[in-house]
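Structure below; questions to follow.
Coordinate-derived values only; no laboratory data. Since the model is a prediction, treat every value here as computed from it, not as a measurement. Counting neighbours? That spans all protein chains shown, and the Cβs are built from the backbone with ideal geometry, glycine included.
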Amino acid sequence: MQMNETLELTDKIVRGKPPATGGQYLVRDAALPGFFVVVGKRTKTFTVQCDVKDELGRRRTKKVAIGQVGELSVAQARAKAKATLGALQVEGKFEERRKEWTLGEAWDHMREFELPGKGSRPRTVDGYEKTIRRLMGDWRDVPLRKFADKPHLVTERHRTITRDNGAYAANHFGRAFRRLYNYAQAKLDRTLPVTAWSKVISFNREYRRNTGMGEGELSGWFAQLAALPNGVRREFHLLTLLSGSRPDALSRAEWRHVDVRRRALHIPDPKGGTHRAFDIPLSRPMLASLARVRRAGRMLAPRQAERFIFPAVKSKSGHLVEWKEDRTILSKWGVDLRQSYTIAGEALDVSERTMKRLMNHATQDVTMGYGDRNKMWPRLVAEQDRISAHMMAQAGAAGARIADAERRFDLYSERDGERVLVRAAIRMRDAEALAEAADVSGEWPESRDAVLVDCLGRARWMLADGWDRIADTVSFFA
């Protein structure tokens, strides 16, 4: 077995070294410490080696092959070895050559590790993504240390966004940047300067939204709701109002979480995470709404409706993800309805503790922590019934139209008690449009009324001198 040796390497010496008979042996260069040739049975490889320190200060040996004998001359290999050794030595000085985290790299890391670990909702992550892309897109490749050295860049950007995009958008930018920088400083690079961004950024004053509806506004809103053509969206807004639920949690509700016997809708993953899971008590108007949305969902999105209460054909998730409406068509939606629910509860003197339980509000009240929600369930259902009855009382005729919107009727033409079937199993709004169009065009038989008959044989609508509602005292739940 050949022994390792140290010589001033030349091309002649390297070529003359015999192959190893077992294992490998080294021929070190006397002119450049750390540079040597590894001679094996079939190959001879130029190699460099040096000791460096890792991030914890521990000594580590690094060895790098730089080329094969025959591909490089000794002079070329020695020159490459010098450069490689220099790079390895610099790399080993972590205190002097620490990774500089850019804003984009820090966001990618926080999105992948921090936000999922904190249980952040997909909409929350998407909100950060949009804010960073729209308002910090040109900063993605900028090292975070630069902002600590020049904080006026952040201050000026906040002012610019306030002027161009509004005060709330600017504050979204400020909060996102502050959290991103603080995350990087705490978990990615402790050498980043600790910066009080709350003092650097002059956040704009924000006001709590106060857009809920009182008694006098509900009747007009119900009339707008009844005119919405999409049955799934219509019932979503109604259930948001009657439950006071956060719309995001309600939009993801599934049929397997509905317990009709107990009158409960389980919300397994609300704001705050799964440990905040709770049940929404279902009033009778809410149960009726669920029945209607099941029929509407099966017609509009049959596959998605097998799982989700509020299905959507074009949604990747399979459920409703966007509930905004044109405010000229529906003036209130989303959080507006949650606030309206609160106003209704206060009007009925529902206790503050009961309202917090109904709305799943977090609380620091120690006394509330002693309450058993299951033992209080009958009271919660009763209070939900009271709140729903109070709001539905404002609906008037619009409430009846909502109840009828997806129900099926038989359309007859009638004279002197004699009926002729025109169309079977037709929705009320379609029957109304058909009969009125035929009446205007003269195709409807003269002096005959248009009558809608429900499954129990009850006449619900007539066309004589215009459409008039027949008094119907029978409850929807009959």
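Short version: ³J(HN,Hα) in whole Hz for each residue of the range 214-222, in order, from phi by Karplus 6.51 cos²θ - 1.76 cosθ + 1.60 (θ = phi - 60°), x for Gly and Pro, what are they?
In residue order, the calculated couplings are x, 4, x, 9, 5, 4, x, 5, 4 Hz.
Say a paramagnetic label sat at a point 7 Å from the Cα of L188, along Cα to Cβ; which residues of the range 128-148 have their backbone N under 11 Å from it?
140-145
So for the pair D108, A277, with labels modelled 7 Å out along Cα→Cβ, what separation do we get in nm?
3.6 nm
Moving on. Under unit Cβ charges (Lys, Arg +1; Asp, Glu -1), what dipole magnitude, rounded to 20 debye, does the range 103-200 have relative to its Cα centre? Provide the component values of the computation, followed by the final result.
On the way: 20 positive and 12 negative charges, 72 e Å.
In debye, rounded to 20, the range 103-200 gives about 340.
Related question: Which order do the peptides 296-309, 113-126 come out in when sorted by mean C-beta neighbours inside 10 angstrom, highest first? Present the calculation step by step, with values, prior to reporting the outcome.
Details: 296-309: 18.0, 113-126: 13.0.
For the peptides 296-309, 113-126, the packing ranking is 296-309, 113-126.
For E235, E383, what ranking results if the residue with the fewest other Cβ atoms within 10 Å of its Cβ goes first?
Sorted ascending by nearby Cβ count, the order is E383, E235.
I'd like the FRET efficiency for K316 and Y168, computed as 1/(1 + (r/R0)^6) with the beta carbon distance as r and R0 of 35 Å, rounded to 0.05.
Working: r = 28 Å, r/R0 = 0.80.
For K316 and Y168, the calculated efficiency is 0.80.
Determine the alpha carbon to alpha carbon distance for each of K41/K63; K53/K146; K271/K314; K12/K80 and list only those over 22 Å.
K53/K146; K271/K314
Based on the mean of other beta carbon atoms within 10 Å per residue, what is the order of 58-68, 342-352, 279-289, most packed first? If you can, show how the numbers build up before the last one.
Numbers: 58-68: 12.2, 342-352: 15.5, 279-289: 22.3.
Descending packing order for the listed peptides: 279-289, 342-352, 58-68.
Starting from 0.36 nm per residue, how many nanometres of slack lie between R123 and L348 once their C-alpha separation is accounted for?
On the way: separation 225, 0.36 × 225 = 81.00 nm, distance 3.37 nm.
Between R123 and L348, full extension yields 77.6 nm more.
Continuing with this model, one more query. At 0.36 nm per residue, minus the direct Cα-Cα distance, what do S198 and R42 gain on full extension? Give it in nm, one decimal, please.
49.6 nm
Normalised by the number of residues in the range 5-92, what is the relative contact order in percent for Cα pairs under 8 Å and 6+ residues apart?
Numbers: 147 pairs, mean separation 21.2, N = 88.
Once divided by the residue count of the range 5-92, the mean separation gives 24 percent.
According to a simple spin-label model (label point 7 Å from Cα along Cα-to-Cβ), what is the distance in nm between T211 and M3?
A separation of 8.8 nm, rounded to one decimal place.
Return the FRET efficiency for the residue pair T328, H152: r is the Cβ-Cβ distance, R0 is 56 Å, and the value is rounded to the nearest 0.05.
0.85
With 10 angstrom as the radius, rank S198, S413, S245 by how many other C-beta atoms surround their C-beta, starting from the fewest.
On the way: S198 11, S413 18, S245 23.
So the residues, fewest neighbours to most, are S198, S413, S245.
Spin-label point model (7 Å from Cα, Cβ direction): what's the L421 to R60 distance in nm?
So the label points at L421 and R60 sit 8.2 nm apart.
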